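Engineer: Sharing a structure below in structure tokens format, with a few things to ask.
The values are calculated or read from the model by the stated rules, or taken from the named source; none is laboratory data. Just so we're clear, the structure is a prediction, and the values are computed from it rather than from any experiment. Neighbour counts run over all protein chains shown; Cβ positions are idealised from the backbone, glycine included. The area values use the complete protein model at the heavy-atom level, side chains included, leaving out ligands, DNA and RNA. Shrake-Rupley method; radii C 1.70, N 1.55, O 1.52, S 1.80 Å.
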Amino acid sequence: MFSLSEENYLKTIFHLEKINSGGVSTNALAGEMETKASSVTDMLKKLSEKKLVKYRKYQGVQLSDKGHKAAVEVIRKHRLWEVFLVEKLNFSWDEVHDIAEQLEHIKSEKLTQELDKFLEFPKRDPHGDPIPDAEGNFRIANKVLLADLEEGESGICVGVKDSSTEFLQYLDKNNIALGKSVTVVHREAYDESLFIKINDEDLHVSKSISNNLFVKPVE
């Protein structure tokens, strides 16, 4: 059994490892956790004593196999709860993250298994992120950022990089949703903003928007 704080650290290290090829720095972790570097160091020592991370001062931290498994279990619960909240309780996709942050720490393995079964074993959460299976395996998706498409290329919206309330509400306002087809009509050289066609409607989106929306290229 791990504490709520320990699970949050493990989950955050997991996500940062996807960005950093080497070890995750104390400062990067402190920034994500919104705390002091000294507090991070104290926690890393505790996690290291429990064999959850491999930590060397000034060299960053990496999850051990045990820590990786624990992190994936938390992520699995979080994403299953997001599906439940959206599909069964009619929450919108911009409302569920904070609630799932609380529900992900419930310790019952049976509850997680039954929730997965009740939802008919979903593969992705409402934001398009893969849900690990009971063995911790992720389904790899063929996706790129909308910003990576060339003029004339098309894709299907499959996920978001930014799951903030503001970004998701922007997508809702402009009727951009997962499963929608989008085509890059023109890229503005000055600011790299895009003129796109989505839902048979023309839309101008900023570089920031196109860098936070994942699409599956259509060949």
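Engineer: Just a yes or no: is a residue in region 92-102 open to solvent by 50 Å² or more (accessible area, probe 1.4 Å), of a type in the set (D, E, K, R), within 18 Å of S163 (Cα to Cα) and not in a helix (DSSP H, G or I)?
Structural biologist: yes
Engineer: Quick check on my filter: what residues within region 51-73 are under 23 Å from N27 (Cβ atoms) and surrounded by 14 or more Cβ atoms within 10 Å (Cβ to Cβ)? Please lay out each step first, then the result.
Structural biologist: Narrowing region 51-73 to residues under 23 Å from N27 (Cβ atoms): 52-64, 67-68, 71.
Selection gives L52, V53, K54, Y55, G60, V61, Q62, L63, S64, G67, H68, A71.
Engineer: If you take the residues of region 118-153 that are of a type in the set (D, E) and open to solvent by less than 70 Å² (accessible area, probe 1.4 Å), which of them is nearest to E82 (Cα to Cα)?
Structural biologist: Looking at residues that are of a type in the set (D, E) and open to solvent by less than 70 Å² (accessible area, probe 1.4 Å), I get D125.
Engineer: Can you tell me how many residues in region 199-208 are modelled with pLDDT under 95 and either in a loop (DSSP other than H, G, I, E, B) or under 17 Å from L168 (Cα atoms) (or both)?
Structural biologist: Of the residues in region 199-208, the ones modelled with pLDDT under 95 are 199-201.
In the following step, the residues that additionally are either in a loop (DSSP other than H, G, I, E, B) or under 17 Å from L168 (Cα atoms) (or both) were identified as 199-200.
Residues in region 199-208 being modelled with pLDDT under 95 and either in a loop (DSSP other than H, G, I, E, B) or under 17 Å from L168 (Cα atoms) (or both): 2 in total.
Okay, residues lined up against (1) in contact with a strand residue (DSSP E or B) (Cβ under 7 Å, 6 or more places away or on another chain); (2) modelled with pLDDT of 95 or more; (3) open to solvent by 40 Å² or more (accessible area, probe 1.4 Å):
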{"position": "D172", "(1), (2), (3)": "no, yes, yes"}
{"position": "S181", "(1), (2), (3)": "yes, yes, yes"}
{"position": "H186", "(1), (2), (3)": "yes, yes, yes"}
{"position": "S193", "(1), (2), (3)": "yes, yes, no"}
{"position": "S210", "(1), (2), (3)": "yes, yes, no"}
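Engineer: Please state which one of L85, L80, L149, L103 is more than 20 Å from Y170 (Cα to Cα) and more than 20 Å from the chain's Cα centre (by Cα).
Structural biologist: Numbers: L85 fails: more than 20 Å from the chain's Cα centre (by Cα); L80 fails: more than 20 Å from the chain's Cα centre (by Cα); L103 fails: more than 20 Å from the chain's Cα centre (by Cα).
Checking each option against the conditions leaves just L149.
Engineer: Additional query: Out of curiosity, is I156 surrounded by fewer than 14 Cβ atoms within 10 Å (Cβ to Cβ), under 20 Å from V218 (Cα atoms) and touching a strand residue (DSSP E or B) at 6+ places or on another chain (Cβ under 8 Å)?
Structural biologist: Details: surrounded by fewer than 14 Cβ atoms within 10 Å (Cβ to Cβ): no; under 20 Å from V218 (Cα atoms): yes; touching a strand residue (DSSP E or B) at 6+ places or on another chain (Cβ under 8 Å): yes.
No.
Engineer: Filter region 4-46 down to the residues that are of a type in the set (A, V, I, L, M), open to solvent by less than 80 Å² (accessible area, probe 1.4 Å) and in contact (Cβ under 8 Å) with a residue 12 or more places away in the chain and list them by number.
Structural biologist: L10, I13, L16, V24, A28, L29, M33, V40, M43, L44
Engineer: I've got another one for you. Does at least one position in region 60-67 carry a residue that is at pLDDT 95 or above, among the small types (G, A, S), in contact with a helix residue (DSSP H, G or I) (Cβ under 8 Å, 6 or more places away or on another chain) and assigned to a helix (DSSP H, G or I)?
Structural biologist: Within region 60-67, one or more residues are at pLDDT 95 or above, among the small types (G, A, S), in contact with a helix residue (DSSP H, G or I) (Cβ under 8 Å, 6 or more places away or on another chain) and assigned to a helix (DSSP H, G or I).
Engineer: Now for a different question. Sort out for me the helices (runs of 4 or more DSSP H) sitting completely within region 1-58 that have 2 or more residues that are more than 23 Å from the chain's Cα centre (by Cα) and among the acidic types (D, E).
Structural biologist: Values: elements: 4-19, 26-33, 37-49.
Per the criteria, 37-49.
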